[in-house]
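Asker: Structure provided below as structure tokens; questions to follow.
The values are calculated or read from the model by the stated rules, or taken from the named source; none is laboratory data. Note that this is a predicted model, so its numbers are computed, not measured. Please note: Cβ atoms are built from the backbone with ideal geometry, for glycine as well, and neighbour counts cover all protein chains shown. In case anyone asks, the SASA skips ligands and DNA or RNA and just uses the protein heavy atoms, side chains included. Shrake-Rupley method; radii C 1.70, N 1.55, O 1.52, S 1.80 Å.
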Amino acid sequence: MAGGAEEELERRSKFLSSLIQKKKAVEQQEQHDQLNVRVRAADMPIPLQNKAFRCARDHLDAMRGGKLDSKRIALALKKEFDCSYGPAWHCIVGTSFGSYVTHSLGGFLYFSIDKVYILLFKTAVEPLDH
């Protein structure tokens, strides 16, 4: 009897976990839709992604005359992430660019917001051997 009860508890626990995961996914998609964000590739925790989306959205909305200032957005994101999560963050912003980067584990996000593409990544800080 005890084995059957444990199996039932395990089954219910898995079911509840799946419901929670689905709810989180729906909420995340709703936020993406609200900010007009599309994740292209990511190796970054969701809270950090959300911070990047909000920062980018705020700076895009603040641009006067609708003229894109890629450097200003890149600098704002870099500063925000350097201050919040330590140095060595890099940011590329534009409507057309190519890239090939090496990043620290958990420190990579490539997304679009409106028609602007943003690449945000962290590199390991290691001394150069001479």
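Asker: Which condition number does T123 fail, the rest of (1) closer than 15 Å to D43 by Cα; (2) surrounded by 19 or more Cβ atoms within 10 Å (Cβ to Cβ) being met?
Answerer: Checking T123 against (1) closer than 15 Å to D43 by Cα; (2) surrounded by 19 or more Cβ atoms within 10 Å (Cβ to Cβ), the one that fails is (2).
Asker: Right, next: Kindly evaluate E8 against the criterion of being of a type in the set (D, E) and at pLDDT below 90. Walk me through how you get there before you give the answer.
Answerer: Working: of a type in the set (D, E): yes; at pLDDT below 90: yes.
Yes; evaluated as a whole, the condition is true for this residue.
Asker: Which residues, counting only those in region 27-47, are in contact (Cβ under 8 Å) with a residue 12 or more places away in the chain and either open to solvent by 30 Å² or more (accessible area, probe 1.4 Å) or more than 14 Å from Y110 (Cα to Cα) (or both)?
Answerer: Initial filter on region 27-47 (in contact (Cβ under 8 Å) with a residue 12 or more places away in the chain): 28, 31-32, 35-46.
Residues satisfying the conditions are Q28, Q31, L35, N36, R38, V39, R40, A41, A42, D43, P45, I46.
Asker: Follow-up. Being in a loop (DSSP other than H, G, I, E, B), of a type in the set (A, V, I, L, M) and open to solvent by less than 70 Å² (accessible area, probe 1.4 Å) is the filter here; which residues of region 78-110 pass it? Spell out the reasoning first.
Answerer: Initial filter on region 78-110 (in a loop (DSSP other than H, G, I, E, B)): 86-88, 95-107.
In the following step, the residues that additionally are of a type in the set (A, V, I, L, M) were identified as 88, 101, 105.
Result: A88, V101.
Asker: Does region 90-130 hold any residues that are on the phi > 0 side of the Ramachandran plot and not small (G, A, S), and which are they?
Answerer: D114
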